[in-house]
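A short reminder: the numbers here are calculations on the coordinates, not readings from a lab. Owing to the predicted nature of the structure, the values given are computational and were not obtained by experimental measurement. So basically every Cβ, Gly included, is an ideal-geometry build from the backbone, and we count neighbours across all protein chains shown.
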2 protein chains.
Amino acid sequence: MISIKDLAKHLNISIGTVSRALNDRPDVNKDTRLKVLQAANELGYVANQSGRSLRQGTTNTIGFFIESGGENGSSNDTFSMEVLDGLQSVFSKYHLDLIVLPCSTEEDAEDYLKRIVARRLVDGLILTATQRIDSKIEFLSKTNIPFVALGRSETDNKHPWIDLDFEGVAQLSIDRLAKKGHKRIAIAISQNNLNLGTIFLNSYKDSLIKNNLDFDSDLVLHASSNGEGGYVIADQLLKLKNRPTAILLVHELMAQGLYRRLSEENLLAGRDLAVIGFRNSEQAKMFSPSLTSFRLSLRDLGISLAETLLSTMPAFQRHYPNKRLGYIWPMELVEGESDRFLIN
Amino acid sequence: MISIKDLAKHLNISIGTVSRALNDRPDVNKDTRLKVLQAANELGYVANQSGRSLRQGTTNTIGFFIESGGENGSSNDTFSMEVLDGLQSVFSKYHLDLIVLPCSTEEDAEDYLKRIVARRLVDGLILTATQRIDSKIEFLSKTNIPFVALGRSETDNKHPWIDLDFEGVAQLSIDRLAKKGHKRIAIAISQNNLNLGTIFLNSYKDSLIKNNLDFDSDLVLHASSNGEGGYVIADQLLKLKNRPTAILLVHELMAQGLYRRLSEENLLAGRDLAVIGFRNSEQAKMFSPSLTSFRLSLRDLGISLAETLLSTMPAFQRHYPNKRLGYIWPMELVEGESDRFLIN
DNA sequence: ATGAAAGCGCTAACAT
DNA sequence: ATGTTAGCGCTTTCAT
């Protein structure tokens, strides 16, 4: 592999000049710059990142933290891809590379982050899998590495975050169902430690009150955020002596298992039970009946995450002067068939 | 952030000894080593990766290449997570970190890889999104960076690869459907450039011949590998004057849209049309009717990918002496309800 | 068993 | 505008 020394020798100029030319410094002759860039291109020279990082103390790399090993029911799969693309569309403007840092199930997330930070692998981090009490946030706040969290947390150290509008979704859903005459509305929330469950549940309660509906703890169902979880929830729901007429899901994947369990009893969403899912994924439309759920642009979310992060990084914040610290990402109702019917 | 110099000063010994102690060199006093490790732990010292990389010419990092921006219909989402976990379970034994390298839709994959390789970001690569003719493979073969491809390619430069058993799936499926009396069996393949489509289609043809069934090009349907694609395919299928009685899907996500379109005509998979999906994801069981498809352990696949890669890396190949270059990953039929019925 | 020092590739400060 | 050189943090060779 070719180094800057080789390139300089090849051109018969000093490595200093080569470096300056490649880094677009102003104090370099136009012709020289051209020659250098051309030679670099021809010989396929790209700066060794370790050399640069060591010298500059910066890696030009942003890390996107996730937890691998989808067994735990999050499986936010398709989600990430589009978000990643949005992130990259911003970072690429500043020649920042995005890498995904998957923390294995076998490793403690905080230990993992400690290693990443200490090794100086990235200049900034995007955090996911935010928990209600989150040691990752606590740790990162102590270091001075810039980061932005996807998801609110009660562990709030004045760090920037963006979260989905769980309140809005819960409220709009309950309002809508109440208007259709539903009195007993269940809610399916995830059983893991993520913060969103709590937020969603609280908004659900508030919205019930607003609509003069009674809260019944029997109607709060817990399961994992996937198809299986939906099946379990439908099963619990069917066993209730006083069944709800509607249900609100914290994760759209749950709909699959829910529909399945209903069909086993010859019941149908949108006829026997009103169902509202959470995120309007590409799949929502393909359910039968199609799932009423909430749309958001994941790519735009990625863009906003990137901009928020950059606004906290000294080298870039001039580009993004007035970013908010916390931001609730709006979601828009997409009417489906799954909550079509009215209660007399 | 603390450096090895600080640590050495703190302990009143030379940085050479500290380095040796931390790297488990034999020629260091037991007590010294203990003291160093303890101090490192206390002060939270972790070696700066750039410094190490620069000196050693190695990064102790493996890259997992993917293409971000799921619009293109691959959306292999949940897939990756489990594979990643398998990979990490192997790499962690050797203190190798795994990072995911998402190539944005806006960037050419080969250019992206060139940058990654030239910057010396990783010691080895796992390639995905393998194409029939794949410039990524061609490029990587020219460099001397170790890599393993997930997916076969006609661009074969004696590089290691692992691929799913498309032949086996096609053959078992056709045999099974033929045995149930089906004479007209359609196949839904992906419209992108990935190699798997070709392989799947060829095996399908071969298996038809083996079962004395006629090949009809009308029964080869193309669409994107997602719910939407399944909808489109069902639509095409319904328009055929001479409809097939069974269909084989190259991607299980297609089943969603297919079921949907069928339901719009009051048709049902497993009663009016036999459907066999590809991978038995967690979702398959949650379809109604449940989807006959093929199981594989993604975690084990990840483990095998990792081992294959290591077997080509000089520093590790002694641990994995006799790995094959190419390997077809077996898949096991899981009977569902979607192909239940018999043709008289 | 330990210390001293070279040098990996790069950028930036200083010199010219 | 260009050349020269120190030094980022680390490992490893050569002394001792």
- For the stretch B:243-256, in residue order, the Karplus 3J(HN,Hα) values (coefficients 6.51, -1.76, 1.60; θ = phi - 60°; whole Hz; Gly and Pro = x) are 5, x, 9, 8, 8, 10, 9, 7, 9, 5, 4, 4, 4, 3
- Task: Take every DSSP beta bridge with both residues inside the stretch A:115-256 and express the antiparallel ones as a percent of the total, to the nearest 5.
- Result: 5 percent
- Item | Taking A:116, B:133, B:15 and counting other C-beta atoms within 10 Å, the order from fewest to most | B:133, B:15, A:116
- Message: Beyond a 30 Å Cα-Cα separation, which of these cross-linked pairs lie in this structure: B:183/B:239; B:114/B:285; A:142/B:136?
- Response: B:114/B:285; A:142/B:136
- So how much slack lies between residue B:192 and residue B:264, counting 0.36 nm per residue of separation and subtracting their Cα-Cα distance, in nm? 23.2 nm
- Task: Quick one: which residues, 5+ away or cross-chain, put their amide H under 5 Å from the amide H of residue A:272? H built at 1.01 Å from N.
- Result: none
- Rounded to the nearest 10 degrees, what's the angle between the helix B:298-311 long axis and the longest principal axis of chain B, both from Cα atoms, 0 to 90? 50 degrees
- Query: Just for chain B, what percent of DSSP beta bridges are antiparallel, to the closest 5?
  - Reply: 10 percent
- Applying 1/(1 + (r/R0)^6) with R0 = 60 Å to the Cβ-Cβ distance of residue A:205 and residue A:12, what FRET efficiency is obtained, to the nearest 0.05? 0.20
- Query: For the stretch B:258-344, what is Rg from Cα atoms divided by 2.2 N^0.38 Å, rounded to two decimals?
  - Reply: 1.61
- Here P(r) for the protein assembly as shown, Cα-Cα distances in 20 Å bins, as whole percents, is 16, 46, 31, 7, 0
- Specify the angular offset, from 0 to 90 degrees and rounded to the nearest 10, of the alpha carbon long axis of helix B:166-179 from the longest principal axis of the alpha carbons in chain B. 30 degrees
- Any idea what the relative contact order of the stretch A:265-332 is, in percent, if you count C-alpha pairs under 8 Å spaced at least 6 apart? 23 percent
- Item | Dipole magnitude of chain A, debye to nearest 20 (Cβ charges: Lys/Arg +1, Asp/Glu -1, about Cα centre) | 1020 debye
- Item | DSSP-assigned coil residues among chymotrypsin sites (Phe, Trp or Tyr not before Pro) in the stretch B:255-298, each with at most 15 further Cβ atoms within 10 Å | none
- Treat the count of other C-beta atoms within 10 Å as a stand-in for reagent exposure and order B:95, B:319 from fewest to most. B:95, B:319
- Computed over the stretch B:166-295, the relative contact order (Cα-Cα under 8 Å, seq sep at least six) in percent reads 24 percent
- Report, for the protein assembly as shown, the % of DSSP beta bridges that are antiparallel, rounded to 5. 10 percent
- Task: Let me know the charge dipole size of the stretch B:126-240 about its Cα centre in debye, to the nearest 20, where only the beta-carbon of Lys, Arg (+1) and Asp, Glu (-1) is charged.
- Result: 220 debye
- Task: Mind computing the radius of gyration and Dmax over the alpha-carbon atoms of the stretch B:166-295? Å is fine for both.
- Result: 13.1, 35
- Relative contact order, percent, the stretch A:4-47 [alpha-carbon distance under 8 Å, six or more residues apart]: 38 percent
- Query: Which far-off residues, 5 or more places away or on another chain, put their amide H under 5 Å from the one on residue A:161, with H placed in the peptide plane?
  - Reply: A:149, A:326, A:327
- How much net charge surrounds residue B:330 when only other residues with a Cβ under 12 Å from its Cβ are counted (Lys, Arg +1; Asp, Glu -1)? -4
- With the dipole of the protein assembly as shown defined by +1 on each Lys or Arg Cβ and -1 on each Asp or Glu Cβ, the option from A:240, A:41, A:281 whose Cα lies farthest towards the positive pole is A:41
- Note on the structure: Cα-only Rg/Rh for the stretch A:10-145 with Kirkwood Rh rounds to 1.10
- Query: With each run of n ≥ 4 DSSP H residues scored as -39500 (n - 2.57), what mean residue ellipticity at 222 nm is computed for the protein assembly as shown after dividing by its residue count and rounding to the nearest 500 deg cm²/dmol?
  - Reply: -12500 deg cm²/dmol
- Message: Compute the helix-to-body angle for B:109-118: its Cα long axis versus the longest principal axis of chain B, expressed 0 to 90° and rounded to tens.
- Response: 20 degrees
- Query: Non-local amide H neighbours of residue B:105 (under 5 Å, H modeled in plane, Pro and chain starts lacking H): which ones?
  - Reply: B:68
- chain A - Kirkwood radius from inverse mean 1/r over Cα pairs (Å): 22.7 Å
- To two decimal places, what compactness ratio does the stretch A:4-47 give when its Cα radius of gyration is scaled by 2.2 N^0.38 Å? 0.97
- Residues other than residue A:28 with Cβ under 15 Å of its Cβ, Lys/Arg counted +1 and Asp/Glu -1, net out at +2
- In debye to the nearest 20, how big a dipole does the stretch B:4-47 give about its Cα centre with +1 on each Lys and Arg Cβ and -1 on each Asp and Glu Cβ? 80 debye
